[in-house]
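Asker: Before we start, here is the structure in question, set down as structure tokens.
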Amino acid sequence: MSEAGQFEEGMSRRVVLGAFFIGFLMMPGAIYMGLIAGSSLGPAAEWVTLILFSEVARRTFAPLRRQEIYTLYYIAGGLTHAAGGMMLAGGPFGGLIWNQYLAQSQVGQLLGLAAQLPAWVVPPAGSEALAERTFFHPDWLLPIGLLVVGQVLARAEWFGLGYVLFRLTADVERLPFPLAPVAAQGVMALAESEAQTWRWRVFASGMGLGLGCGAVLVGLPALSGLIASRPLVLLPVPWIDFTRDLERVLPAATLGIGTDPGLVLAGAVLPFWVVAGAFAGSLVQVAANPVLHHLGLLTRWKPGMDAVSTHFANDLDLWLSVYVGAGGAVALVGLWQAAQALRGYRQAGSWAPPPGRGDFPLGLGIGLYVMAACGYIALCLILLEDDSFPLVFLLGFAFVLTPLVSYANARMVGLTGQSAGIPLVREGAFLLSGYRGVDIWFAPIPYGDHGRRAQFFREVELTGTRLSSILKAELLLLPLVLGCGLLFWSVIWSMGPIPSILFPYAQQYWHLFALRQFMWLSFTAQGGLRFGEVVDPAWALGSFVVAGGALWGLAGWGAPLAGVYGFIRGLQSLPHLLIPEMLGACLGRFWLRRRLGPEEWGRRAPILLAGYACGQGLIGMGAVGVVLIVRAVAQLPY
């Protein structure tokens, strides 16, 4: 897509203006949508910003260059990204909101673990900072200061090591990176054509659907909560739970259905076999748990438990062992595939970068990573109270395991577009070290997989964007995500406790994630659980053999491994959200693909989903704006 000498700067005044537009208008909506409905505003923010700024620029006879569009796309994704299943958007301050929930949760207090959380993670329960729901309190100085330092080190780490891996795999080894052109062309489609009327029609259709569903799922509860003691909810968010209703027929089983139509669209967009495998995996627990309960293998479940409590109780009894074994099989097969893909590939290149690409000296990339790794190690040595965690673990993580795993996955992504992870590496190191205390789980351990960053730099290269543009974008993103995150999380937190009835998704789903995290914390806490009490070696070994055999057999037959990966994902998930996903996958594969054609549906589906997210996001932003204004006026003394 780009020839030598055709690289241009992507950062401009218009991009900076777009970054502030996203930070101050999109970010609060992204935060609110994650808490209310568990939806991500990321695709909507990217599309809305690109379309708005592209059309305004065209009408001023100065259209955005594709380098500007890509840089703006990158910034939009960084500002509205939602982390994990908790759907915490709004930057790193969402992590502090999660920590305050851990400190005040009833489960943490009953187990005695909430009181053991260190002061550099969250103020202690009972602190005025938590009671008044504000970040502007001295008790937050240490956690916020550590968060800022961590953000600087994280960006230096991924940028430095990612750039070195890119130079090694793309320039020297000349790996093809098969998925990089797909991602780059998808982003550049808006810049390459002047008339994209079909895109507008599809996007508008999805946005209309999103506006209607968002009004019911998000707008009505948010606005009705201003005038009523309890928000008016027509459809429970995020799901309708049948677990208690069916407990006599299906004891110890969880069953329900998600209420967000966006899940149907997401299922139509995701690869079919991934969704089908996940759906099948979730139904295994529905069918097997009553039998296992009858055999006396699931003893922690009690009648009256909801889906979250039932799922966690079953995990402690048996299923965590299955997850550990199956995860080990996935990692082993993934590494075997990586070795097969990398075997015999030799294509010599040069360390000399193309002229005009905006490269940096390799020493700078290495220096950034070494500086970040040393910073992480120093922080760990300062923060950890128990000196039994040896320095050799930290050095091994920083300078052996992270570079090796990242390089192996960078090569695998460069050749196949896929990567493989090694599960429970951090957790295993913590348990083997004999460390006592919960602070180790929050320490900035220098371990990560940055292999996919090599493909990211390849995408930047294919769009003709100078690599220095990404460095400038990161320098703009850091203060913007910290400043806007602090502002909007403070305002939304002041509305009411998080989670609470005002934020249905967080109230329903966060409890499960908290239970799982407290389980891991208890393994190193004084008087907590022992790992052997939860993980049964026999079940773990059996699931390892079964999952490994299935993956190996399917790989030999040329069958889609995505189904097995999805199956293992589904084993760990509630069926509530996977049922509508499966409905969407069937609609997409067996009706829409046949009616429109596979290629046409493949082009339209992501845009339809982005339009839906945009419409729902607009409702979320409008609702949060009204709520903020009303609550601000209500606090005035006149």
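Taken together, the values in this text are just the output of simple stated rules run on the coordinates, not laboratory data. Please read all numbers here as calculations on a predicted model, not as lab measurements. We place every Cβ from the backbone using ideal geometry, glycine too, and count neighbours over all the protein chains shown.
Asker: List the relative contact order of the chain as a percent without decimals, with contacts defined as Cα pairs under 8 Å and 6+ residues apart.
Answerer: Here the relative contact order equals 32 percent.
Asker: Could you work out [θ]222 nm for the chain from helices alone, using -39500 (n - 2.57) per DSSP H run of at least four and dividing by all its residues? Round to the nearest 500 deg cm²/dmol.
Answerer: Per the formula, -20500 deg cm²/dmol.
Asker: Mind listing the long-range amide H neighbours of Leu88? Cut-off is under 5 Å, sequence gap 5 or more, other chains count too, H placed in the peptide plane at 1.01 Å from N.
Answerer: It is Ala83, by chain and number.
Asker: Once label points are set 7 Å from the Cα along Cα→Cβ at both Phe399 and Ala62, what is their separation, rounded to one decimal in nm?
Answerer: Distance between label points: 5.0 nm.
Asker: Count the net charge of all other residues whose Cβ sits under 13 Å from the Cβ of Pro271, scoring Lys and Arg as +1 and Asp and Glu as -1.
Answerer: Here the charged neighbours net out to +2.
Asker: Taking a point 7 angstrom from the Cα of Phe242 along the C-beta vector, which residues in segment 281-301 have backbone N less than 14 Å away?
Answerer: 283, 286-287
Asker: Now a separate question. Taking amide H positions as placed 1.01 Å from N in the peptide plane, with prolines and chain starts having none, which residues 5 or more places from Val438, or on another chain, fall under 5 Å of its amide H?
Answerer: Result for Val438 returns nothing.
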